[in-house]
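The block underneath contains the structure these notes are about, expressed in structure tokens.
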Amino acid sequence: MSDVTGMATGLATNLATIPGLRTYSTIPDDVTPPAAVVSLNSVTYDEAFRGGLVIYNFVITLIVARVTERRAQERLHDYIQTGNGTVKNAIESDPTLGGTAIDTRVTEMSNITSVSIGEIEYLTADFAVTVRAE
């Protein structure tokens, strides 16, 4: 049986390896950027015989900085590349998410936009993460 809470915690733990990035395994009431928020987007059941494989699609919302900051887009670019200190590299550093998954892959970065938190506009981006588990 899959442990969705454990997967979300594993994703947040992997992301916490990025210096200075705050991570949340659940949707918080308030955040202080830069931050990454893990949320479950969808679940696909019965991907193998006898229901032996389940696909969990998570969204990692990266909240970078106030939109008005000059370096906000540059900071976002630092996180979305590949290599050390990037979201993709951090998430895939332990693809088992502490033993709760078979495999974990970042499949896409999309939805660069701004979001209002406490009357301040922040630059954000979403990362699609596919987790395969039994």
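Note on region 50-108: among residues that are out of contact with any Leu (no Cβ under 9 Å at 6 or more places or on another chain) and of a type in the set (A, V, I, L, M, F, W, C), the one that is farthest from residue 15 (Cα to Cα) is 53.
Restricting attention to region 49-67, the residues that are farther than 19 Å from residue 22 by Cα and either in contact with a Lys or Arg (Cβ under 6 Å, 6 or more places away or on another chain) or surrounded by 11 or more Cβ atoms within 10 Å (Cβ to Cβ) (or both) add up to 5.
When the residues of region 96-118 are filtered to those that are within 19 Å of residue 27 (Cβ to Cβ) and in a loop (DSSP other than H, G, I, E, B), the one that is modelled with the lowest pLDDT is 118. For residue 93, state whether it is surrounded by 12 or more Cβ atoms within 10 Å (Cβ to Cβ), assigned to a loop (DSSP other than H, G, I, E, B) and either touching a residue at least 60 places away in the same chain (Cβ under 8 Å) or not hydrophobic (A, V, I, L, M, F, W, C) (or both). Considered against the rule, which asks whether it is surrounded by 12 or more Cβ atoms within 10 Å (Cβ to Cβ), assigned to a loop (DSSP other than H, G, I, E, B) and either touching a residue at least 60 places away in the same chain (Cβ under 8 Å) or not hydrophobic (A, V, I, L, M, F, W, C) (or both), residue 93 comes out as yes.
How many residues are part of a loop (DSSP other than H, G, I, E, B) and over 15 Å from residue 133 (Cβ atoms) if we restrict to region 19-51?
Residues in region 19-51 being part of a loop (DSSP other than H, G, I, E, B) and over 15 Å from residue 133 (Cβ atoms): 13 in total.
Quick one: would you say residue 19 is on the phi < 0 side of the Ramachandran plot, touching a residue at least 24 places away in the same chain (Cβ under 8 Å) and out of contact with any Cys (no Cβ under 7 Å at 6 or more places or on another chain)?
yes
For region 97-113, give me each residue that is out of contact with any Asp or Glu (no Cβ under 8 Å at 6 or more places or on another chain) and farther than 30 Å from residue 68 by Cα.
Residues of region 97-113 that are out of contact with any Asp or Glu (no Cβ under 8 Å at 6 or more places or on another chain), as a first pass: 97-99, 101, 103, 107-108, 112-113.
Answer for region 97-113, where residues must be out of contact with any Asp or Glu (no Cβ under 8 Å at 6 or more places or on another chain) and farther than 30 Å from residue 68 by Cα: 97, 98, 99, 101, 103.
The values are calculated or read from the model by the stated rules, or taken from the named source; none is laboratory data. Not measured: the values here are computed from a predicted model. Cβ: placed from backbone, ideal geometry, glycine included. Neighbour counts: every protein chain shown.
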